[in-house]
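Heads up: the structure comes next, in structure tokens.
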Amino acid sequence: MQLRVKTKLNAGLAFLFLVIILIGGMGALYIYRISKQSKDVLKDNYETIQYAKSMMQAIDNIQLDTVTAFSTIEENLKKQENNITEAGEQGLTMEIRKEFTALKLNKERPFSLLKQQLYRLSDINMNAIVRKNNAAQRTADRALAYIGIIGAICVIVVFTFIINFPGYIADPIKNLTESIKQIAAKNYNQRLHFKSNDEFGELAKAFNVMAEELDKYENSNLAKIMFEKKRIETIINNMRDAIIGLNEKKIILFANVQATALLGLKEIDLAGKYAPDVALSNDLMRLLLNPNSGTTPIKIVADGKESYFNKESVEIVSNEKPIGEVILLKNITRFQELDLAKTNFIATISHELKTPIASIKLSSKLLEDDRVGQLNEEQQQLVKNIKEESERLLKITGEVLNIAQVETGKIQLNLQTVSPKKIIEYAVEALKFQAEQKEVSFKIECGEHLPSVNADMEKTAWVMVNLLSNALRYSPEKESIIIKAEEKGENILFSVQDFGKGIDQQYQGKIFDKYFRVPGSKKEGTGLGLAISKEFIEAQNGTISLESTQGKGSAFFFTLEKSGLPKTPAT
Ligand code: ADP
């Protein structure tokens, strides 16, 4: 039967305890024995020798003081008679008593026999002391030998214990730690081989079962997962779009072939790298990480060919926690080319249409002239219709041409110093007739001493006309429209405010988009006017904005930079 670790520990400690008791006990026993032997020697023999010595001295002094000498001998002889310890001592003491009695009766009797007897008594006890001393010496030697042997055995056992015990506890723990590390590194073949049946043995069994289960799980899924991984990698690599995957700490997880080609980096330079670090030396990566990029197509020149990409960034969420981001660069070169072809086509067509429309306009004007011939009422109405429709057609072609120019980046600015009041007056003049028809009044609030602006007169006037015509179009009859120009820091702020139906909050963000019209707008239009206005104003470093409340009216604002010339009275 195998002992548990706890039992082994208890047994080890009990053994050490026993060793201490044994050595201590033996030491105490032998010390007691030696002490007893020396006490015996003192009591049994040393005292007898002292008695004999006192009696001898008394004999030597007998001539001087007989009475005292006899009493001393008597006294010591009595003590000796009570201290018989050695073999032969009893008989000798009796002989001494007999001789002493004889000496007391016959004062002439010599003391030589008594002296001899006392010498013999001393000898017996001296021999006994020597013998007992030898015995004590032997006891001490034995004690030393026993304690030495037991001590040596204990030292060997305890030393073995000290050497082996830490290893006995620590080795399995070390093996276990090592094996857990292997498991963490996905080496599921790792097993523990503890032979014992103690707690470590049980631990090893449990560990091996766990490793086996993990191994089974890994093997059952691994091939499948690897296959799927390969397939997804192949799909991602064969896509025309560039794809870069980042984790939540912006570490690059993967980049497909297109992405590495566009970035001009090898996969090895990207995978596992911190994306902002890569961005330090890579412009495209910097652009991709910028959350504000992606509103306009990104132009990339690679292998001498221009390509256009749309950036899309998708946040990956798992269990409601963001775990990373996938950046997609969609190749839109083909669409861009088609779009450009379309824009060029529209530009050409609208440009070409302008001349015949202008000619129709002129011809219809001529038709109205009596010199060409008198028209009846019906013909006059028809000519009026032709004039109005050709006017509208001209406006539409003008707008389409403008937007085509904007899209192809062909805005030509002719910047000059213009007075804000002149811009306003130009637009008001252009729309005077329509305003009169609707009985709408224009209220102009423009200081006489406003600084001039640095602007393209033609384009700015076009914007003002567009804003004013929109305001007019959406104003109720007999209302007023406020047109303002005021100084705002480095800029002049223009505004056109109407009291019409206003624009719903949800459409305000899209109002400057191309072709956008508020759903339900019955009045005709192309949805291009505000988009062109935005481009024209922004091309002149200005900004355009809107404030509108549904049912109360709208106000459109735009800014233009002051010309920087000293203030001159507006003309
Ligand atoms: P268009 O007027 O040719 O439709 P715009 O770009 O000038 O194109 O205007 C876009 C849309 O914005 C219009 O269709 C209209 O719905 C809305 N809009 C513009 N100005 C106003 C205004 N002053 N009041 C109400 N809606 C307006």
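The values are calculated or read from the model by the stated rules, or taken from the named source; none is laboratory data. Treat the numbers as computed from the prediction; the structure is a model and nothing was measured. Cβ sites come from the backbone with ideal geometry, for glycine too, and all protein chains shown count toward neighbours. Accessible surface is based on the protein model in full, side chains and every heavy atom, while ligands, DNA and RNA are left aside. Shrake-Rupley method; radii C 1.70, N 1.55, O 1.52, S 1.80 Å.
Mind checking which pairs have a first residue in the range 447-464 that is not assigned by TED's automatic domain parsing to the domain that holds Leu431 and among the charged types (D, E, K, R) and a second that is at pLDDT 95 or above and surrounded by 21 or more Cβ atoms within 10 Å (Cβ to Cβ), Cβ under 7 Å, 6 or more apart or different chains?
none
Ile153 versus (1) in contact with a helix residue (DSSP H, G or I) (Cβ under 7 Å, 6 or more places away or on another chain); (2) of a type in the set (A, V, I, L, M); (3) within 23 Å of Gly25 (Cα to Cα): which is the lone unmet condition?
Result: Ile153 passes all but (1).
Taking the stated definitions as given, is Ala430 within 8 Å of the ligand (Cβ to nearest atom), in a helix (DSSP H, G or I) and hydrophobic (A, V, I, L, M, F, W, C)?
So Ala430 does not fit the description; no.
Residue-wise test of (1) within 12 Å of the ligand (Cβ to nearest atom); (2) farther than 29 Å from Pro451 by Cα.
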| position | (1), (2) |
| --- | --- |
| Leu493 | no, no |
| Gln505 | no, yes |
| Val518 | yes, yes |
| Thr543 | no, no |
| Ser554 | yes, no |
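Pick from Ile403, Ile386, Ile349: which is under 18 Å from Gly525 (Cα atoms), assigned to a helix (DSSP H, G or I) and aliphatic (A, V, I, L, M)?
Ile403
How many residues does the range 302-318 hold that are in contact with a strand residue (DSSP E or B) (Cβ under 8 Å, 6 or more places away or on another chain) and within 22 Å of Leu246 (Cβ to Cβ)?
Qualifying residue count, the range 302-318: 9.
Hey, can you tell me all the residues within the range 134-151 that are among the aliphatic types (A, V, I, L, M) and open to solvent by less than 50 Å² (accessible area, probe 1.4 Å)?
Ala135, Ala136, Ala140, Ala143, Ala145, Ile150 - these are the residues of the range 134-151 that are among the aliphatic types (A, V, I, L, M) and open to solvent by less than 50 Å² (accessible area, probe 1.4 Å).
Taking into account only those residues within the range 476-491 that are open to solvent by 10 Å² or more (accessible area, probe 1.4 Å) and under 19 Å from Lys562 (Cβ atoms), which is nearest to the ligand (Cβ to nearest atom)?
The extreme case among them is Lys484.
Quick check: is even one residue across the range 164-181 outside any helix (DSSP H, G or I) and either open to solvent by less than 80 Å² (accessible area, probe 1.4 Å) or assigned by TED's automatic domain parsing to the domain that holds Thr66 (or both)?
So far as the range 164-181 goes, no, none of its residues is outside any helix (DSSP H, G or I) and either open to solvent by less than 80 Å² (accessible area, probe 1.4 Å) or assigned by TED's automatic domain parsing to the domain that holds Thr66 (or both).
Which number in (1) near the ligand (Cβ under 10 Å from one of its atoms); (2) buried (at least 16 other Cβ atoms within 10 Å of the Cβ); (3) modelled with pLDDT under 95; (4) acidic (Asp, Glu) marks the one condition that Glu524 misses?
Going through the list (1) near the ligand (Cβ under 10 Å from one of its atoms); (2) buried (at least 16 other Cβ atoms within 10 Å of the Cβ); (3) modelled with pLDDT under 95; (4) acidic (Asp, Glu), Glu524 breaks only (2).
Return yes when Gln90 is open to solvent by less than 50 Å² (accessible area, probe 1.4 Å) and in the same structural domain as Arg120 (by TED's automatic domain parsing) and no when it is not.
Spelling it out, it is not the case that Gln90 is open to solvent by less than 50 Å² (accessible area, probe 1.4 Å) and in the same structural domain as Arg120 (by TED's automatic domain parsing).
Provide a single number: the residues in the range 93-115 that are closer than 26 Å to Lys43 by Cα and either charged (D, E, K, R) or not assigned by TED's automatic domain parsing to the domain that holds Phe70 (or both).
Residues meeting the conditions: 5.
Restricting attention to the range 272-301, report how many residues are farther than 23 Å from Asn247 by Cβ, surrounded by 11 or more Cβ atoms within 10 Å (Cβ to Cβ) and not charged (D, E, K, R).
3
Hey, Gly500 hits all of (1) more than 51 Å from the chain's Cα centre (by Cα); (2) open to solvent by less than 10 Å² (accessible area, probe 1.4 Å); (3) more than 7 Å from the ligand (Cβ to nearest atom) but one; which does it fall short on?
Status for Gly500: all satisfied but (3).
From the set of residues in the range 348-365 that are of a type in the set (Gly, Ala, Ser) and under 14 Å from Lys395 (Cα atoms), which is surrounded by the most Cβ atoms within 10 Å (Cβ to Cβ)?
Once the filter is applied, the top-ranked residue is Ser350.
For the range 188-216, which positions are without any contact (Cβ under 8 Å) to a residue 60 or more places away in the chain, open to solvent by 50 Å² or more (accessible area, probe 1.4 Å) and in a loop (DSSP other than H, G, I, E, B)?
Asn189, Arg191, His193, Lys195
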